[in-house]
1. Please report the relative contact order for the chain, taking Cα pairs under 8 Å with a sequence separation of at least 6, and give it as a percent rounded to a whole number.
2. Taking the chain as a Gaussian network, where each spring joins two C-alpha atoms under 10 Å apart, which residue of Y54, Y86, Y178 fluctuates the most?
3. Which longest run of the chain has no exposed loop site in it, a site being GluC sites (Glu not before Pro) in a DSSP loop with at most 12 other beta carbons within 10 Å, and the site itself not part of the run?
4. Net charge near K231: determine it from the other residues with C-beta under 13 Å of the C-beta of K231, scoring Lys and Arg +1 and Asp and Glu -1.
5. I want to make sure I understand the PRE zone here: with the label point 7 angstrom from the Cα of Y181 toward its beta carbon, which residues in region 202-239 have backbone N atoms less than 20 Å away?
6. Where both partners of a DSSP beta bridge lie in the chain, what percent of those bridges are antiparallel, to the nearest 5?
7. Can you give me the Rg/Rh ratio for region 30-103, using Cα atoms for both radii and the Kirkwood formula for Rh?
8. If one computes the Cα centroid of region 130-158 and of region 91-121, what distance in Å separates the two points?
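Just so you know, all these numbers are worked out from the coordinates, no wet-lab data involved. Because the structure is a prediction, the values reported are computed rather than measured. Neighbour counts run over all protein chains shown; Cβ positions are idealised from the backbone, glycine included.
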Amino acid sequence: MRIDIMTLFPEMCEAVLSESIIGRARQNGFVDIRCVNIRDFTKDKHNRVDDAPYGGGTGMLMQTQPVYDCWEHICAELGKKPKLIYMSPQGQVLTQQKVKELSKEENLILLCGHYEGIDERVIEEIVDEEISIGDYVLTGGELPALVLADSISRMLPGVLANDEAFEQESHYSSLLEYPQYTRPPEWHGKSVPEVLLSGHHKNIEAWRREQSLKRTFERRKDLLDNAELSKSDRKLLDSLGKETKKY
Ligand code: 4GX
C-alpha cells in the first residue's frame with residue numbers, strides 16, 4: 001500500500017514515520033509512505049500558502065491553488081486518483097472498523113489542514129472523506145494523519161510480527177486488554193498474580209478473559225454492545241453488577 005501525506009510540515013511527519021515499527025516497515029517495503037510539501041506547489045512569489053478569510057474573522061485559511069496543484073502532481077505521478085481523506089474535526093470519528101476498511105485500499109492520500117482550515121472550494125473538489133481522530137482540537141492535521149497512517153500500516157501483511165498481528169484481533173472483539181507483568185516477580189511489595197506463575201495454561205487463559213471482561217465492564221461498558229460473548233462471559237458479567245440482562 002502507498003500513502004501520500006499532503007502537509008506543510010513534511011519533516012515533522014517524516015520524523016515520526018522513520019522510527020520504530022513503521023520506520024522498519026517502510027524500510028522493508030511493506031508500506032510506502034511519502035510526505036509531500038504543499039508549499040512546494042505555491043505560485044506566490046513569497047511562497048505564501050494562506051490568506052485571510054472572506055467575510056472577516058480570525059486566523060488564516062489555506063488557499064486553493066497550492067493544495068490543488070499538489071494533489072494533481074501526486075495523482076499524475078500515480079496515474080490514478082486515490083481516495084483522499086481530509087483530517088478534520090468535522091469528520092466522522094475514526095474507529096478500528098474504519099481503519100480495517102481503509103487498509104484494503106491500494107493507495108490513499110491524506111490531507112493535513114493548518115491555520116483555520118482550507119478554502120471550502122478545494123475541499124469540495126478533491127476530498128472523498130473527512131475523518132476526525134476524536135472530539136478535541138489540535139493545531140494541525142499532521143498528528144491526525146500520522147495516527148491514521150500508523151493504525152492502517154499495522155494492519156498490512158508483514159508490518160507486525162505474527163504474534164503481534166494476532167493481538168490486533170483483540171480490538172475487533174471489543175474487549176480491553178488484561179493486565180500484564182514481567183520480571184521481577186515482586187516489586188514495591190506487589191506480587192505478580194499467582195496464576196500467571198502456575199504454568200497452567202487453561203487457568204491463565206480463563207483469568208485473562210475474566211480480567212478483560214471486568215475491565216471492559218468497569219471502564220468501557222459501551223464496548224460490550226459489540227463484543228462477542230460466550231455463555232460463561234455473560235455469567236461473569238452478570239455476577240459483576242446490575243446491568244445484567246443487557247449483555
Ligand atoms: N481530528 N485539527 C485540522 C485545521 C482545520 C480547522 C478547521 C478544518 C477546519 C483534528 C482532529 C483537529 C485541528 C486538524 C484543526 N481543519 N483533525 N485543523 N481532532 O483537531 O482530525
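1. Relative contact order for the chain comes out at 19 percent.
2. The residue with the greatest mean-square fluctuation here is Y54.
3. 107-227
4. Net charge around K231: 0.
5. 202-216
6. 15 percent
7. Answer for region 30-103: 1.04.
8. About 8 Å separates the Cα centre of region 130-158 from the one of region 91-121.
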